[in-house]
């Protein structure tokens, strides 16, 4: 089992910006252990038999929710799934009332996705359970950034000193912000690339470079993390057409093959195939997209296990 004497510096996982580099190292070491577990014939461990976890999703999610649920069940926790579309939230109940009602059922940990930035931070001030932020609006998505960094480490040996470009809709992306925090904390160099309309105005203040030319960005980097355009978060049009976006910021095999070096391609999913990357790129051996999915379960097991050890 992972070393029980080492602990996270935080009680909740609200965002990468609250973590220290030692926390990330500990999460990765613990994930290494759990990755070995989930590749065994019997994939469960009895670590959290006495822990109850509520998954509360105020926004639709398939991949993240399934990944968390699988991680919880692999650790033998009791799992409570709560979807707001079938709940009193639609009748006007507040976030804190909803969660307090769930906690009165003696829940130890809450995994929450919410459309409002800072919802997890607000909740952490009002309830005793440990909270994991599974995405709050366009703010943070910490477990995604952790599994992304873990996947880079697995493929390239280390994150420190690597050049990573995040391409696409930076403005509306919680994945981009969490990734910037995580990569910088581990000593990577980071650039963002996309149409100027999709790059936040003061992004350089986070210590990242901005490049609007995709070919230059790809020639510079070791890793390209391709984000989808989040049309559901846009109330106006940020670029003329999807076709033009693809011509300027889409990656195909021809472009990859013409670069000075072979780079690693990542994507947090879901992929708009043929928009930000073609199927040929997504399914190529330069892509670590399926590794990211597998690593997501191990990383979430590690986070849940480490936070649960602070509850007992």
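The values are calculated or read from the model by the stated rules, or taken from the named source; none is laboratory data. Quick caveat, the model's predicted, so the values are computed rather than measured. Cβ placement follows ideal geometry from the backbone for every residue including glycine, while neighbour counts extend to all protein chains displayed.
Which one of these is over 20 Å from residue 176 (Cα atoms) and under 17 Å from the mean Cα position of the chain (by Cα): 5, 55?
55
Could you please find all residues in region 264-281 being surrounded by fewer than 19 Cβ atoms within 10 Å (Cβ to Cβ), assigned to a loop (DSSP other than H, G, I, E, B) and touching a strand residue (DSSP E or B) at 6+ places or on another chain (Cβ under 7 Å)?
Within region 264-281, 271 is the sole residue that qualifies.
If a residue counts only when it is surrounded by fewer than 15 Cβ atoms within 10 Å (Cβ to Cβ), which strands (runs of 3 or more DSSP E) contained entirely in region 74-175 have at least 2 such residues?
Passing ranges, in order: 78-83.
Looking for whichever is over 20 Å from residue 277 (Cα atoms), assigned by TED's automatic domain parsing to the domain that holds residue 219, out of contact with any helix residue (DSSP H, G or I) (no Cβ under 8 Å at 6 or more places or on another chain) and not in a strand (DSSP E or B) here; the options are 178, 205. Which one fits?
Result: 205 is the single residue among 178, 205 that is over 20 Å from residue 277 (Cα atoms), assigned by TED's automatic domain parsing to the domain that holds residue 219, out of contact with any helix residue (DSSP H, G or I) (no Cβ under 8 Å at 6 or more places or on another chain) and not in a strand (DSSP E or B).
Collect the residues in region 10-48 that are surrounded by 11 or more Cβ atoms within 10 Å (Cβ to Cβ) and farther than 23 Å from residue 151 by Cβ, keeping them in residue-number order.
Within region 10-48, 11, 12, 44, 47, 48 meet the criteria.
Here is a check on your reading of the model: is residue 172 at pLDDT below 95, assigned by TED's automatic domain parsing to the domain that holds residue 266 and more than 19 Å from residue 259 (Cα to Cα)?
yes
Looking at region 48-77, which of its residues are over 25 Å from residue 101 (Cβ atoms) and modelled with pLDDT under 95?
62, 63, listed by residue number.
Out of the residues in region 282-305 meeting the condition of being in contact (Cβ under 8 Å) with a residue 12 or more places away in the chain and part of a loop (DSSP other than H, G, I, E, B), tell me which one is farthest from the chain's Cα centre (by Cα).
Looking at residues that are in contact (Cβ under 8 Å) with a residue 12 or more places away in the chain and part of a loop (DSSP other than H, G, I, E, B), I get 284.
Residues checked against (1) touching a helix residue (DSSP H, G or I) at 6+ places or on another chain (Cβ under 7 Å); (2) touching a residue at least 40 places away in the same chain (Cβ under 8 Å); (3) under 29 Å from residue 45 (Cβ atoms):
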site: 101; (1), (2), (3): no, no, no
site: 106; (1), (2), (3): no, yes, yes
site: 132; (1), (2), (3): yes, yes, yes
site: 147; (1), (2), (3): yes, yes, yes
site: 158; (1), (2), (3): no, no, yes
site: 169; (1), (2), (3): yes, yes, no
site: 173; (1), (2), (3): no, yes, no
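Output the residues belonging to region 28-49 that are closer than 19 Å to residue 143 by Cβ and in contact with a strand residue (DSSP E or B) (Cβ under 9 Å, 6 or more places away or on another chain).
48 - this is the single residue of region 28-49 that is closer than 19 Å to residue 143 by Cβ and in contact with a strand residue (DSSP E or B) (Cβ under 9 Å, 6 or more places away or on another chain).
Give me the pairs, please: first residue somewhere in region 75-89 and farther than 15 Å from residue 308 by Cβ and assigned by TED's automatic domain parsing to the domain that holds residue 57, second residue anywhere and part of a helix (DSSP H, G or I) and at pLDDT below 60, beta-carbon distance under 9 Å, and either six or more positions apart or on two chains.
Matching pairs, first to second residue: 84/90.
How about region 188-207: which of its residues are surrounded by fewer than 20 Cβ atoms within 10 Å (Cβ to Cβ), touching a residue at least 40 places away in the same chain (Cβ under 8 Å) and in contact with a strand residue (DSSP E or B) (Cβ under 6 Å, 6 or more places away or on another chain)?
Selection gives nothing.
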